[in-house]
Amino acid sequence: MKAQVFRGVKQLSYEEVPMPTLEQDEVLVRVRVVGLCQSDIKKILYPLYDPPRIFGHETAGEIAAVGSQVRDWQVGQRVVVLHHIPCMHCDYCLHDNFSMCDVYKRVTTTAGFTPSGGGFAEYVKVPGHIVRQGGLLEIPEAITYEQASFVEPTNCCLKAVQKAAIGPGQTVLVTGAGPIGLMFIMLANYVGAQAIATDLLPSRIEKAKAVGALEAFDARDPDLVQKVQAKTRGLGVDVSLLAVPSDKAFFQALDCTRKGGKILFFAEFPDEVEIPLNPNVLYRREIDLMGSYSSSFRIQQLAADIIFNQRIDVEALVSDRYPLKDLSAAVERAIAPGPDTYKILIYPDRELAPKAQEVVTG
């Protein structure tokens, strides 16, 4: 089968690899579409993992084979593949901190080499413990593979929304109107809140409004804080969600967040970044700082419900579709986005990619 193999920093090789072999309790899924995630991009661009590996984890596909001990799944079923499941009995899991669980962090879905997600391939193997513990979700007939591929990123964003306790009547600042920021706007509306977005690109500012933002501003606007206060009765937002790894965005959020409010770090910053902060700012204004990493097993079914019942319009987030052979070009597009670049989807079978782009690389 064909796969995009990570051979080193910024080195992807579209090559033939062996089809994964199944143990008795495993399932083989033919990948129909896989989302290109920022975490995939970081793994490709930086020396975080030893090659060779096959990344990709926002996967939707069709069951191609099942092991002899698998009872609840059949060949031909359309499924979302969740690439890691917590153990459910360690101290982290018992405190609902599933993403810190060692079992959770060991990604085991694989298309070969060291298990690393495996979605950037024609087929991916789902190990037994993920099959048994809810790591496969059947896709309803009315839902496309594209829509279904958003279950995992929806879970990640919804986890952050719940952790910040965003609810009806609140106002949320979303820094960055890329695909994650746009999803935050949609989810804020879903829970009854309103979002104010910031970005540097005029097209993304307009896109934020189009998907439901109360208002959207240029992040460089010198009157940003005053404009946010004007939308919040002079108080500031209840919660700020940092969807971009920018220290400037953090300080803007700090200025825009009301007394007693919250600031949540969602984007991962480079390790060398340090943010100097006078702790009295937090103390006197009672600002809560928090982080949210990855997904939560607890809200897995809710995230699926949101997608499968089309409670948010994830199709509005898709801007680019690439065949798997052009993954390198897709990564380049993601790190240097055009004015209308949002979510990028990858198709192992280019015949199935609606409007798939033939990309000429030099």
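Quick notes
- Taking the conditions (1) in contact with a Ser or Thr (Cβ under 7 Å, 6 or more places away or on another chain); (2) part of a helix (DSSP H, G or I) in turn, residue 125 satisfies each one other than (2).
- Filter result for residue 12 (over 20 Å from residue 332 (Cβ atoms) and either touching a Gly at 6+ places or on another chain (Cβ under 7 Å) or open to solvent by 10 Å² or more (accessible area, probe 1.4 Å) (or both)): no
- Some residue of the range 198-206 being in contact (Cβ under 8 Å) with a residue 60 or more places away in the chain, over 24 Å from the mean Cα position of the chain (by Cα) and either open to solvent by 50 Å² or more (accessible area, probe 1.4 Å) or farther than 23 Å from residue 40 by Cα (or both): no
- For the range 222-230, the condition holds for at least one residue, the condition being that it is surrounded by 14 or more Cβ atoms within 10 Å (Cβ to Cβ), out of contact with any Pro (no Cβ under 6 Å at 6 or more places or on another chain), under 20 Å from residue 164 (Cβ atoms) and in contact (Cβ under 8 Å) with a residue 40 or more places away in the chain.
- Only one entry in 136, 158, 187, 173 is within 23 Å of residue 259 (Cα to Cα) and at pLDDT 95 or above, namely 173.
- Among the residues of the range 233-249, those that are in contact (Cβ under 8 Å) with a residue 40 or more places away in the chain and surrounded by fewer than 21 Cβ atoms within 10 Å (Cβ to Cβ) comprise 246, 249.
- Checking the range 244-256 against the condition returns a match, with at least one residue being in a loop (DSSP other than H, G, I, E, B) and under 30 Å from residue 103 (Cβ atoms).
- Members of the range 104-128 that are modelled with pLDDT of 95 or more and open to solvent by 20 Å² or more (accessible area, probe 1.4 Å): 112, 113, 114, 115, 122, 123, 125
- Residues in the range 27-57 that are in a loop (DSSP other than H, G, I, E, B) and either small (Gly, Ala, Ser) or under 11 Å from the mean Cα position of the chain (by Cα) (or both): 36, 37, 56, 57.
- The lone exception for residue 76 - which of (1) closer than 29 Å to residue 16 by Cα; (2) surrounded by 14 or more Cβ atoms within 10 Å (Cβ to Cβ) it fails: (2)
The values are calculated or read from the model by the stated rules, or taken from the named source; none is laboratory data. Owing to the predicted nature of the structure, the values given are computational and were not obtained by experimental measurement. Because the Cβ atoms are built from the backbone with ideal geometry, glycine has one as well, and the counts that use them run over all protein chains shown. We work out accessible area using only protein heavy atoms, side chains counted, and drop any ligands, DNA or RNA first. Shrake-Rupley method; radii C 1.70, N 1.55, O 1.52, S 1.80 Å.
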